[in-house]
Amino acid sequence: RATLSNELSGSEVIVVSNREPYIHNRTEDGIVLQIPASGLVAALEPVTRACGGTWIAHGSGTADRESVDAYDRVAVPPDNPSYTLRRVWLTEEEQEGYYYGAANEGLWPLCHIAFVRPAFRESDWRMYRAVNEKFAEAVVAEAKREDPVILVQDYHFALLPRMIRERLPRATIVTFWHIPWPNAETFGICPWREEIVDGLLGSSILGFHTQAHCNHFLDAVDTYVESRIDRERDSVTYGGEETLIRPYPISIEWPPTALAGQKSIEECRHAVRQRLGLPPDMRIGVGIERFDYTKGIIDRMQVIDNLFTEYPEWKGRFVFVQVAAPTRSKLASYRQLQEEAEALARDINTRHGTEGYEPIKLLIRHHGPDQVFELFRAADICVVSSLHDGMNLVAKEFVAARDDESGVLILSAFAGASRELSEALIVNPYNAHAMGEAFNRALTMPPEEQRERMRLMRDQVRERNVYRWAGQMLLAASRLRKRLRIRRLI
Ligand code: G6P
């Protein structure tokens, strides 16, 4: 954290993302502040708190619109402000085209191998372009110097780096792509592929979670635009400007803020079981995510269904708590998933449940970080079985929550996190049989083995925390800036 502030002293930092770190919602009890369910926010918020500066994002709460002036520019975090949240307001039409359409029906399924066909509508893309322009204007309006450090986040803003570069040629633009990058052939079906690559190459540094995603991006550059690629430096020279392509595996803050106020593991175990109406010795598995088709929620439930047939001893002794926060519900693919999951949970509970025993508890509502951490601490196992995931920070949060060094993590081989957390039980979420075995193994793992695995994983997350993620990127940015300054002097 200290290195971050040192490296950045005297420079201006501007973060740009679609999702805002704090949402002001109007409820019956007045204005309530919500922290959204977003890996991006979980990672960037502590970093921005440490750096200070301005975070520009789409104003998404229900309270904001009513008195736009009051919520236009807010000092956050509310209890101890250290940076400015600057909201950009989008019309219904802009949200439809840019957020739901181009970003979430186009780029999201394109980048995740999720078997949901991406939809590419020209009208959505026009809106996407227009909203990127709108954010570029906001960056220029917020920038107090001609050479700020700008941190552009994610697939909502593929065109923004180029637009900023045109307006602020001396800015250091660090772009991070929070989701996977598909191989060149898959990417090639996107009608806007050249424009996307051109947009991203406006960045000084472009980061992905893994080296594989960097390689895929370099292949896309190689295939679709005229440029010079230096495979040794992992850089692209395009239109006379160089962009460095680097893997920066994202992480969480250590120790997490949400851990500070937590009760002991014993108390959490007790409190959660009592709240869910479960006996004290009930074994609990948890899955916590947004209700997204990339997370493998249906496949996971089917595994639990089979578990009770293949390992009937768990009937009555094991409950799976699936927290699924509603997300992007305007889109048919998300609504269908929710309906399917609800029907499947009912069906499993009817077939395997008994009086007073429901094997699946499906909690379809947003849980704040404190509730999430309490659940992690109460659980015996945590299951992250995404079909495809850039990194997945839930896996790292579970590990961070277990300061008692117990609990077992079942983790998809197709989540970036599996590269770092190799002591988890790594599974192929498409292999139902092997997943069932992993559940049984997790439920029967001796405490000593749990401890050994958990210790190694905790060491990893402690060391490779989010400050290191941001630190490495910003260090690279500041070196680059120094080098460019010297070159300008010559
Ligand atoms: C993923 C994306 C983030 C996004 C988050 C929540 O982690 O990479 O950009 O913020 O999902 O999705 P939402 O659409 O609600 O912002």
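The values are calculated or read from the model by the stated rules, or taken from the named source; none is laboratory data. In this text, all values refer to a predicted model and were calculated from it rather than measured experimentally. We place every Cβ from the backbone using ideal geometry, glycine too, and count neighbours over all the protein chains shown.
Among the residues of the range 207-221, is there at least one that is at pLDDT 95 or above and in a strand (DSSP E or B)? Yes: the range 207-221 contains one or more residues that are at pLDDT 95 or above and in a strand (DSSP E or B). Evaluating Tyr71 against the criteria (1) hydroxyl-bearing (Ser, Thr, Tyr); (2) modelled with pLDDT under 95; (3) touching a helix residue (DSSP H, G or I) at 6+ places or on another chain (Cβ under 8 Å); (4) within 16 Å of the ligand (Cβ to nearest atom) leaves one unmet condition, (4). Residues in the range 375-409 that are touching a strand residue (DSSP E or B) at 6+ places or on another chain (Cβ under 7 Å) and away from the ligand (no atom under 16 Å from the Cβ): how many? Qualifying residue count, the range 375-409: 14. Of the helices (runs of 4 or more DSSP H) lying entirely inside the range 65-172, those containing at least 3 residues that are in contact (Cβ under 8 Å) with a residue 24 or more places away in the chain, surrounded by fewer than 22 Cβ atoms within 10 Å (Cβ to Cβ) and of a type in the set (Gly, Ala, Ser) span 122-142. Among the listed residues Val323, Val372, which satisfies the condition of being under 23 Å from Lys396 (Cα atoms), within 16 Å of the ligand (Cβ to nearest atom) and part of a helix (DSSP H, G or I)? The conditions single out Val372. Taking strands (runs of 3 or more DSSP E) as the structural unit, those lying wholly within the range 234-301 and holding at least 1 residues that are within 29 Å of Leu201 (Cα to Cα) and without any contact (Cβ under 8 Å) to a residue 60 or more places away in the chain correspond to 235-238, 241-247. Among the residues of the range 317-324, is any within 30 Å of Glu463 (Cβ to Cβ), of a type in the set (Phe, Trp, Tyr) and touching a residue at least 40 places away in the same chain (Cβ under 8 Å)? No.
Just one residue in the set Ala400, Ala424 is touching a helix residue (DSSP H, G or I) at 6+ places or on another chain (Cβ under 9 Å), within 25 Å of Tyr311 (Cα to Cα) and in contact (Cβ under 8 Å) with a residue 24 or more places away in the chain; that residue is Ala424. Restricting attention to the range 1-48, the residues being polar (S, T, N, Q) and either in a loop (DSSP other than H, G, I, E, B) or within 15 Å of the ligand (Cβ to nearest atom) (or both) number 8. Figure legend. Inter-residue proximity from the range 30-44: first residues more than 18 Å from Ala324 (Cβ to Cβ), second residues near the ligand (Cβ under 9 Å from one of its atoms) and assigned to a strand (DSSP E or B), beta-carbon distance below 6 Å, spacing 6+ or different chains. Indicated pairs: Leu40/Gln153.
Can you tell me which residues in the range 468-487 are touching a strand residue (DSSP E or B) at 6+ places or on another chain (Cβ under 9 Å) and farther than 15 Å from Thr175 by Cβ? Selection gives Ser478, Arg481, Leu484. Within the range 326-355, if we keep just the residues that are touching a residue at least 40 places away in the same chain (Cβ under 8 Å) and outside any helix (DSSP H, G or I), the residue that is surrounded by the fewest Cβ atoms within 10 Å (Cβ to Cβ) turns out to be Lys330. For the range 409-449, the set of residues classified as among the small types (Gly, Ala, Ser), under 16 Å from Arg300 (Cβ atoms) and in a loop (DSSP other than H, G, I, E, B) consists of Ala413, Ala424, listed by residue number.
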